[in-house]
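Beneath this line is the structure, given in structure tokens, with notes to follow.
The values are calculated or read from the model by the stated rules, or taken from the named source; none is laboratory data. Only a predicted model underlies this, so the values are computations on that prediction, with no experimental measurement involved. Here Cβ is always computed from backbone atoms with ideal geometry, including for glycine, and neighbour counts include all displayed protein chains.
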Ligand SMILES: C[S@@+](CC[C@H](N)C(=O)[O-])C[C@H]1O[C@@H](n2cnc3c(N)ncnc32)[C@H](O)[C@@H]1O
């Protein structure tokens with residue numbers, strides 16, 4: 001998926017992935033991550049996710065990364081926040097108190113950008129990318145995260161021949177292949193998800209599940 005693909009999606013407001021509601025798995029499993037309040041949480045490929053606000057309300061400073069300035073502006077505007085903006089390397093940094101969103105390419109992040117991160121929330125980031133990019137994404141994320149970092153990862157799985165993503169299907173085997181050399185992996189839950197995804201049903205998907213995992217960097 002090229003940056004142009006995502007810029008065009010935001011320009012045309014084709015953002016079916018965006019949820020107004022806070023994700024149920026975030027609410028159900030975040031306390032199991034056991035991240036002390038006050039620790040910074042990286043939200044890669046964050047869009048304008050309201051889940052960031054929920055994490056903030058629970059006491060976690062947020063570091064989001066998002067390509068689309070439309071998404072970043074909408075996040076702050078929708079939540080009546082007025083961030084200051086400045087350049088940080090190749091990123092436009094939008095910041096208000098404990099929320100910082102880096103406008104730019106996730107693959108341009110360096111370990112110095114994430115040196116204070118101890119938690120990650122990945123919902124619809126890994127599954128936004130085709131297979132080769134998922135490998136690059138995981139390799140890059142691994143290179144960015146300090147030891148001990150904990151990640152709540154939420155993925156979707158469906159018979160991959162039924163639809164061309166995004167979202168792409170990512171099963172437990174792939175989660176392990178991507179991360180098990182560097183993280184311990186705990187599978188929290190899997191639930192049926194097709195009934196809440198009529199647009200994917202309309203695209204031909206006959207079976208869809210959503211899973212949550214806790215990963216801890218060794
Ligand atoms: C499927 S959406 C998920 C957004 C968010 N995680 C959520 O739960 O609503 C993927 C997002 O990643 C952004 N994106 C894609 N590639 C990116 C990249 N290389 N760097 C930063 N953001 C990227 C897109 O603009 C889009 O907003």
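Take residue 136 and decide whether it is without any contact (Cβ under 8 Å) to a residue 60 or more places away in the chain, assigned to a helix (DSSP H, G or I) and within 16 Å of the ligand (Cβ to nearest atom).
It is true that residue 136 is without any contact (Cβ under 8 Å) to a residue 60 or more places away in the chain, assigned to a helix (DSSP H, G or I) and within 16 Å of the ligand (Cβ to nearest atom).
Each row is one residue, and each column tells you yes or no for (1) in contact (Cβ under 8 Å) with a residue 60 or more places away in the chain; (2) farther than 18 Å from residue 216 by Cα.
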residue: 26; (1), (2): yes, no
residue: 34; (1), (2): yes, no
residue: 40; (1), (2): yes, no
residue: 44; (1), (2): yes, no
residue: 49; (1), (2): yes, yes
residue: 57; (1), (2): no, yes
residue: 62; (1), (2): no, yes
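Would you be able to say whether some residue in segment 105-113 is surrounded by fewer than 22 Cβ atoms within 10 Å (Cβ to Cβ), over 27 Å from residue 186 (Cα atoms) and within 15 Å of the chain's Cα centre (by Cα)?
yes
Out of curiosity, is residue 162 over 26 Å from residue 7 (Cβ atoms), buried (at least 20 other Cβ atoms within 10 Å of the Cβ) and either within 12 Å of the ligand (Cβ to nearest atom) or in contact (Cβ under 8 Å) with a residue 24 or more places away in the chain (or both)?
Spelling it out, it is not the case that residue 162 is over 26 Å from residue 7 (Cβ atoms), buried (at least 20 other Cβ atoms within 10 Å of the Cβ) and either within 12 Å of the ligand (Cβ to nearest atom) or in contact (Cβ under 8 Å) with a residue 24 or more places away in the chain (or both).
Taking residue 24 as the residue in question, decide whether it is surrounded by 14 or more Cβ atoms within 10 Å (Cβ to Cβ), more than 20 Å from residue 101 (Cα to Cα) and either within 15 Å of the ligand (Cβ to nearest atom) or modelled with pLDDT under 95 (or both).
Details: surrounded by 14 or more Cβ atoms within 10 Å (Cβ to Cβ): yes; more than 20 Å from residue 101 (Cα to Cα): yes; either within 15 Å of the ligand (Cβ to nearest atom) or modelled with pLDDT under 95 (or both): yes.
The answer is yes for residue 24.
Yes/no per residue for (1) more than 12 Å from the ligand (Cβ to nearest atom); (2) within 21 Å of residue 154 (Cα to Cα):
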site	(1), (2)
3	no, no
17	no, yes
20	no, yes
35	yes, yes
41	yes, yes
48	no, yes
51	no, yes
70	no, no
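Filter segment 178-193 for residues that are in contact with a helix residue (DSSP H, G or I) (Cβ under 7 Å, 6 or more places away or on another chain) and surrounded by 16 or more Cβ atoms within 10 Å (Cβ to Cβ) and give the result.
178, 179, 182, 185, 188
When you go through 146, 166 one by one, which is the residue that is touching a strand residue (DSSP E or B) at 6+ places or on another chain (Cβ under 8 Å), closer than 18 Å to residue 43 by Cβ and in a loop (DSSP other than H, G, I, E, B)?
On the way: 166 fails: touching a strand residue (DSSP E or B) at 6+ places or on another chain (Cβ under 8 Å).
After applying the criteria, what remains is 146.
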